[in-house]
Amino acid sequence: MKRKPRMLNLILVFVFLFGTLGVLPIPNTLAQTTTVLINEVDADTLGTDVAEFVELYDGGVGNTALDGLVLVFFNGNGDISYAAYDLDGFSTDENGYFLVGNIGVIPEPSIIISTSSLQNGQDAVALYAGDAVDFTSGTPVTTTNLIDALVYDTNDDDDPGLLVLLNAGQLQVNEGGGGDSTLHSNQRCPNGSGGLRNTDTYIQFVPTPGNENCVSNISDPVVNEFSASTDGDDVEYVEIFGDPETDYSAYTVLEIEGDSTAPGVIDEVIEVGTTDVNGLYLASLINGNLENGSISLLLVKDFTGAFSDDLDTNDDGVLDVEPWAELVDSVAVNDGGIGDYTYGTTELYGNYDGVSTLPPGGASRFPDGFDTDAVTDWIRNDFDLAGIPGFAGTITEGEAYNTPGDPNEIYTPPAEVCGDPYTPIYTIQGSGLETTLSGEAHSTEGVVVGDYQDTTRYGFFIQDLSGDSDASTSDGIFIYEPYGSDIIDVNVGDHVRISGTVSEYSGMTQISASQSWLCATGVTLPEPSELSLPVADALGFEKLEGMLVTIPQNLVIAEYFNFDRYGEIVLSTERYMTFTALHEPDFDAYQASIEEYFLNKITLDDGLTVQNPDPAIHPNGQEFTLDNLFRGGDLVANVTGVMDYAFSLYRIQPTQGADYTPMNDRPLAPDLVEGDLKVASFNVLNYFTTIDTGDWICGPSGDMECRGADTADELTRQRDKILAAMVEIDADVFGLMEIENDRLGASTSDYAVADLVAGLNDIAGAGVYDYIPTGAIGTDAIKQAIIYKPANVTPIGTFKALTSAYDTGFDDTKNRPTLAQVFEDPLTGEDFIVAVNHLKSKGSACVGDPDLGDGAGNCNLTRLAAAEVMVDWLADPAIFPDVDNVLIIGDLNSYDKEDPIDAIKLGSDDLVGTGDDYVDLIHQVLGEEAYGYVFDGHIGYLDYALTNKKMQSAVVDVAIWHINADEPDLIDYDMTFKQDAQDALYAPDAYRSSDHDPVIVSLSFVEGPTFDLYLPIIFSP
């Protein structure tokens, strides 16, 4: 049945709820004021959420203008705004209320919001002085001009990022705290109480939009406590809760037999009388009045039946006779007997509350009168009569005292002290990947081995003082400190006692602390446990979770993509090659390689969860500076810290610096045997001269997102680095990828390419470099470009671009059009084609061409088809008449054992060992372990130099200049998110000018004796 408790009822609820916490509410007379506050929020409703609302209240003044106010909704996923509503021109109604809500809310809100638009996870609503334009979608949480706020959830963890909206010590409010978030809203009780940015007085109650909170005109009583079976002679009673000093003689409690022998028979008729000043009426019974088996207590109004009436005449568990005007409340006990029935709504059974496998002999509502028609309304009474004078009882946590005729009271355990019995950390952790005690309350003790309270980690690690000497169980655990909790400020070496709830947070076992005790200080830390990679399985990491560990062995710096944003460096036992750089794509073998890498790596973290930390920390424990750098391939040893797990990675939170050994010094110049000409392939990582202000104005269509530099300063930094690299390479022909394609409406064409040429000529001299004018090519925001030295090579004819118009197998909506130019070598008159490519990336999916899990990634067939068409195009005499020398360069987004590269090497006839085959120069000269790109801790190359057989004889050497892939991007041009100190980690040199290393080919078409000098050095027949 559905009921609405009276005002006094809810005031008592409020008193007892906060009385148990040691906090008594301060009476609020709500003197009339023009202060407007958030009074009620309903974020989770039945069905598709068509009755969500936020209620503002002015204290009852009425008709208060809301000009200058804005109501803002914040999402806990990112702690950012997702909606804002100006209140200019609106006023509260005559009773002081104002509603913003769905169309299904009654009365109709003044501002209608769309269905399901009010989030119901870890979220917040806030009232500010301001305008909606101040809170565009994605605006971070702020307390500037904040008036009031409610941070709420529906049975979720606290969100520290949102709790800053509240006053210190105020708690997040759970809309499901009353047992059913869809039937309740969060309401200030009494109406308008608590004060701005305080949540102390919020409770969950049936929604009352536009009306006084927590008030009902219905005054039906409820069964508040009963006892049917106790230790020894049964102490039996039924207690009713209603309005104080009210005559309830129209109501009767019926005990209905539930055992299979006579189900539905009225076994006892209990008349209800007048309640006392506390709203309680007690019917004391003698031993035997109530059954000890399955019974139902029905509170009915205007009973017309009689003792021993059979109300379930056909014994099917459904009442056939209802001799009353109204059934107003019920509670039943089911002892599990075969064929037993219960009647009414709420059924208490064995282990209904997780306290005992036995059904309760008696139970109490808590707080008094709290009724949601759920078993959670009821606390089992101590079977051994705790609370009854003369009986000590055996009450334990989760039970209530027997309090006939007095307000109900639950058992609160006595205060803990250090040294009391506790659950050891290793018992909480267990020997599996997850704890078996999740959701349970436990106390434990340990010594602090890692303190992160003052970071956004919000907690600390403790380790058992002695451990259990079992290598399969961890002796350490993370202690999470919920925002607003009164947990002691710890230091490393403190012996502490912690009480709280055990959980798995994203795979990490933790205790959400509710209480803490400092037992001792200056405790000697346990010796770090030694870890050696690889581990046999994930348990090899898990068994050390939360413990001090050390890894003595040398580990390679393998990945540093997240070093700038999160201070993370991935270490592994070796520098792993990308799977398809060594092997043909294969599902089983690739999956096995992923598992192998997982067991051979660990993430070295910085103990913070803030982005772009200042300072960034070098693996040696010192500040990362331009004079204290590291590179991929360098070594670290004796990594020591706390084993952590977060964001699907096992990681070490260091407690000291590691031993660092540089093994991969920066190359000052390309290691290349010089010929007569040089051709370079260089991915310039989104070089745009159109500043990315956020407006989508780029690309030939004029409706694409711009890339690259966000400010003029960033563009200068990016340009200087790219120019430094290009000047040192000193190529006669550059093929560039990821340079800005001409945008719609630009006043000049090829402006980004021309800008680089101008920069080169400023350094090398006027007219040293020129470019092939192409204008916009394809449809993407980026294109390929060709820059060359007119004194050293001569363009023959105009450029060629391969698009879908030539062959639909080359999908130019996915692949950037191939850009090709014929050049003549003035020394020999030899012509050669330079074809610059940028095929579809692996990062996003293609329809009908998914990632098959074999190592080739997304869109392998799309790249394969493009490669096949490209070699056919280059061999087509109608496109390139009388040109036999072909050099394919560029970012093919394929590693060298993947299908697109295999197809290019076969040439246009698709046959191996024929005259039109292509040679992968990098593989032939630099070998299997060549690399120019790092992804997910693996190295390989995506940028190529491939020649056909005819041109192979002109190749002198090929090199990959390792200026980018081995460098952390913290030192690149980008200033986004970085703090000033990180912006200063910049030099206008070639290092980290891109994320791809440039590929350089030296050529000589000179015939005669010189030819014999080059060929034996590089190639074998």
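The values are calculated or read from the model by the stated rules, or taken from the named source; none is laboratory data. Note that the coordinates shown come from a computational prediction; the quantities given were computed from them, not determined experimentally. All Cβ positions, even for glycine, are placed from backbone atoms using ideal geometry, and neighbour counts span all protein chains on display. All accessible areas refer to the heavy atoms of the entire protein, side chains included, with ligands and DNA or RNA removed. Shrake-Rupley method; radii C 1.70, N 1.55, O 1.52, S 1.80 Å.
Some observations on this one:
- Here is the size of segment 802-896 from its Cα atoms: Rg then Dmax, 14.9, 50 Å.
- Over all orientations, segment 197-253 has a Cα convex hull whose mean projected area works out to 7.3 square nanometres.
- When you restrict to C-alpha pairs under 8 Å that are six or more residues apart and normalise by the size of the chain, the relative contact order lands at 7 percent.
- By the Stokes-Einstein formula, at 1.567 mPa s and 4 °C, segment 705-863 with its Kirkwood radius over alpha-carbon pairs has D equal to 75 µm²/s.
- Solvent-accessible surface of protein heavy atoms, probed at 1.4 angstrom with all chains present, puts ASP665, ASP720 in the order ASP665, ASP720, largest first.
- Pairs from the list LYS721/LYS842; LYS814/LYS950; LYS814/LYS842; LYS842/LYS978 with a Cα-Cα gap above 20 Å: LYS721/LYS842; LYS814/LYS950; LYS842/LYS978.
- Taking every DSSP beta bridge that has both ends in segment 597-753, the antiparallel portion is near 60%.
- Counting charges near GLN515 (Lys, Arg +1; Asp, Glu -1) among other residues having Cβ under 13 Å from its Cβ returns a value of -4.
- When the charge dipole of segment 853-986 is built from unit charges on Cβ atoms (+1 for Lys and Arg, -1 for Asp and Glu) and taken about the Cα centre, the candidate among VAL956, LEU942, MET975 whose Cα reaches farthest toward its positive end is VAL956.
- Based on the Kirkwood approach, the hydrodynamic radius assigned to segment 845-974 is 16.1 Å, with every pair of different Cα atoms included.
- Alpha-carbon gyration tensor eigenvalues x 5, square-rooted, for segment 220-325, Å: 24, 18, 9
- Considering only the Cα atoms of segment 673-737, their convex hull presents on average a projected area of 5.0 nm².
- For segment 520-596 versus segment 88-145, the spacing of their alpha-carbon centroids is 47 Å.
- Point-charge dipole on Cβ atoms (K/R +1, D/E -1) for segment 638-699, about Cα centre, debye to 20: 180
- Placing +1 on each Lys and Arg Cβ and -1 on each Asp and Glu Cβ, with no other charges, gives segment 182-282 a dipole about its Cα centre of roughly 1100 debye.
- In the distance distribution for segment 131-219, Cα-Cα pairs more than 23 Å apart total 31 percent.
- Inverse mean reciprocal Cα-Cα distance (Kirkwood Rh) of segment 737-814, Å: 13.9
- Net +/- balance of residues flanking ASP420 in space, Cβ distance below 10 Å, scoring K and R +1, D and E -1: -1
- Here SER1002 sits with roughly 0 square angstrom of accessible surface, probe radius 1.4 Å.
- Ranked order, SER466, SER116, SER512 - accessible area, probe 1.4 Å, largest first: SER466, SER116, SER512
- Residue-averaged 222 nm ellipticity for the chain, from DSSP H runs of 4+ at -39500 (n - 2.57), nearest 500: -3500 deg cm²/dmol
- Scanning the chain for DSSP H helices at least 20 Å long along the axis (C-alpha atoms) with a Kyte-Doolittle mean no lower than 1.6 picks out nothing.
- Accessible area per residue for segment 281-414 is 45 Å², calculated with a 1.4 Å probe on protein heavy atoms, without ligands, DNA or RNA.
- Pairs of Cα atoms in segment 72-112 fall into 10 Å distance bins, from 0 up to the last occupied one, in shares of 25, 43, 27, 5 percent.
- Computed from the alpha carbon atoms alone, the convex hull of the chain holds 215 Å³ per residue.
- Projecting the Cα positions of PRO107, VAL836, HIS996 onto the charge dipole of the chain (unit charges on Cβ atoms of Lys, Arg, Asp and Glu, taken about the Cα centre) puts VAL836 furthest along the positive direction.
- For segment 548-667, DSSP calls about 90 percent of its internal beta bridges antiparallel.
- Two-decimal ratio, segment 292-407, of alpha-carbon radius of gyration to 2.2 N^0.38 Å: 1.16
- Legend: translational diffusion of segment 411-546 by Stokes-Einstein, Rh = Kirkwood radius over C-alpha pairs, 20 °C, 1.002 mPa s; D = 142 µm²/s.
- Note: segment 487-615, Cα convex hull, 159 Å³ per residue.
- Taking only Cα atoms of segment 439-499, radius of gyration then Dmax in Å: 11.9, 36
- The charge dipole of the chain, taken about its Cα centre with unit charges on the Cβ atoms of Lys, Arg (+1), Asp and Glu (-1) only, comes to about 2820 debye.
- Column: log10 I(q)/I(0), Debye, Cα scatterers of segment 321-366, q = 0.14, 0.18, 0.26, 0.31 Å⁻¹: -0.41, -0.63, -1.02, -1.23
- Per atom type, the chain shows carbon and sulfur on 51% of its accessible surface, probed at 1.4 Å.
- Longest to shortest principal axis, alpha-carbon extents of segment 666-707, angstrom: 46, 24, 11
- Residue among MET737, GLY194, MET704 farthest towards the positive dipole end of the chain, charges placed on Cβ: MET737
- Among beta bridges from DSSP that stay inside the chain, the antiparallel ones total about 85%.
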